[in-house]
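A.B. asks: Quick one: the structure is below, and I'll ask about it shortly.
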Amino acid sequence: MPHAYELHVDVTAQCLCCLAPRVFRFASPSDQVVCATCVSHLGTDKSERRDREHVTMWAHLAADQQVNHHAEVERLRANLADEAAVVASLRAESAGLTAVVAGEFAAGGVRDLLENDVVRRADRATELANRRNDRAMAVLWRLERLHHENDAKFGACACGEPVLTCKEFAAIEPERQAVRDWEKKNAALAAEGKRHALPAEHPAAGRSPRR
């Protein structure tokens, strides 16, 4: 059966035998859309070998993907922990400055204190830390969309694994409520037309300005 892929250039297409995405370079519309691994599977008497090799291939692909996914989750968790430490430090510093401002209010020195360079730099540092935290939360929101309880199948993760064995589900679980609280807060800001930190693909992002 003729295919419609472009000729004489590298194209990615689904192998009609193993169904995996492969890179092909077709010389003719009549070339078979079958990868090099599956060429030996052609023929009515080779179905057993074909099925066995397909299962092995997909098992290797799934294992590689899982290793990469786990590594990415661990990296994001480490980044989030670092960002949380920075935010906690800046919040403590901000709280101390707030106490100083409150103490100076009665003495009439508020204007001078607010114009102090230390306060301005602390506010800027807090703003930058909050933006970094927003970026980390946006990444966790994307992961949470892929790994949450499947509403249509009790006990299953949205990725298809049981929630009890899904490592990504377990990694995200301690931060899940924090992610949803962050999402709710920013969705409310977006609804009011204010600046928010929701990812562009979030249903509530709309056309409101993003931070």
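A.B. asks: Can you compute the radius of gyration and Dmax for the range 107-211, using only the Cα atoms, both in Å?
C.D. replies: Both quantities, over Cα of the range 107-211: 18.9, 64 Å.
A.B. asks: May I pose another question? Cβ under 13 Å from Ala171's Cβ, Ala171 left aside: what net charge do those residues give with Lys, Arg +1 and Asp, Glu -1?
C.D. replies: That sum, taken over residues with Cβ under 13 Å, equals -3.
A.B. asks: Mind grabbing the accessible area of Cys15 for me, 1.4 Å probe, Å², rounded to tens?
C.D. replies: Counting only protein heavy atoms, the figure is 0 Å².
A.B. asks: On the first, second and third principal axes, largest extent first, how far apart are the outermost C-alpha atoms of the chain in Å?
C.D. replies: 94, 41, 28
A.B. asks: Once the whole set of protein chains is in place, how much accessible area is left on Glu6, using a 1.4 Å probe, in Å² to the nearest 10?
C.D. replies: Counting only protein heavy atoms, Glu6 exposes about 120 Å² to solvent.
A.B. asks: So for Asp151, Asp51, Asp134, what's the accessible-area order with a 1.4 Å probe, most first?
C.D. replies: Asp151, Asp51, Asp134
A.B. asks: With runs of 4+ DSSP H residues as the only contributors, calculate the mean residue ellipticity of the chain at 222 nm using -39,500 (n - 2.57) per run, divided by the residue total and rounded to the nearest 500. Numbers along the way, then the final one.
C.D. replies: On the way: 5 runs with 116 residues, N = 211.
Calculated mean residue ellipticity at 222 nm is -19500 deg cm²/dmol.
A.B. asks: Moving to a separate point now. Just the number please: accessible area per residue for the chain, 1.4 Å probe, all protein chains included, in Å².
C.D. replies: 67
A.B. asks: Still on this model: Solvent-accessible area of Trp182, probe 1.4 Å, all protein chains present, reported in Å² to the nearest ten, please.
C.D. replies: The accessible area of Trp182 comes to roughly 20 Å².
A.B. asks: Now a separate question. Return the single residue from Arg120, Arg142, Arg176 with maximal mean-square fluctuation; model: Gaussian network over the chain, springs between Cα atoms under 10 Å.
C.D. replies: Highest fluctuation of the listed residues: Arg120.
A.B. asks: With a 1.4 Å probe and every protein chain kept in, tell me what percent of the accessible surface of the chain is carbon plus sulfur. Could the numbers behind the result be given before it?
C.D. replies: Details: 7770 of 14180 Å².
Solvent-exposed carbon and sulfur of the chain make up 55 percent of the total.
A.B. asks: Note down the nm distance, to one decimal, between modelled labels 7 Å out along Cα→Cβ at Ala62 and at Thr98.
C.D. replies: It is 5.1 nm.
A.B. asks: Next question, about the same structure. For Ala188 and Glu72, FRET efficiency with R0 = 22 Å and r from the beta-carbon atoms, rounded to 0.05?
C.D. replies: Rounded to the nearest 0.05, the efficiency is 0.15.
The values are calculated or read from the model by the stated rules, or taken from the named source; none is laboratory data. Note that the structure is a prediction, hence the values are computed from the model and not measured. Cβ coordinates were reconstructed from backbone atoms using ideal geometry, including for glycine residues, and neighbour counts include every protein chain displayed. Ligands, DNA and RNA are stripped out before the accessible areas are found, and what is left, the full protein with its side chains, is counted by its heavy atoms. Shrake-Rupley method; radii C 1.70, N 1.55, O 1.52, S 1.80 Å.
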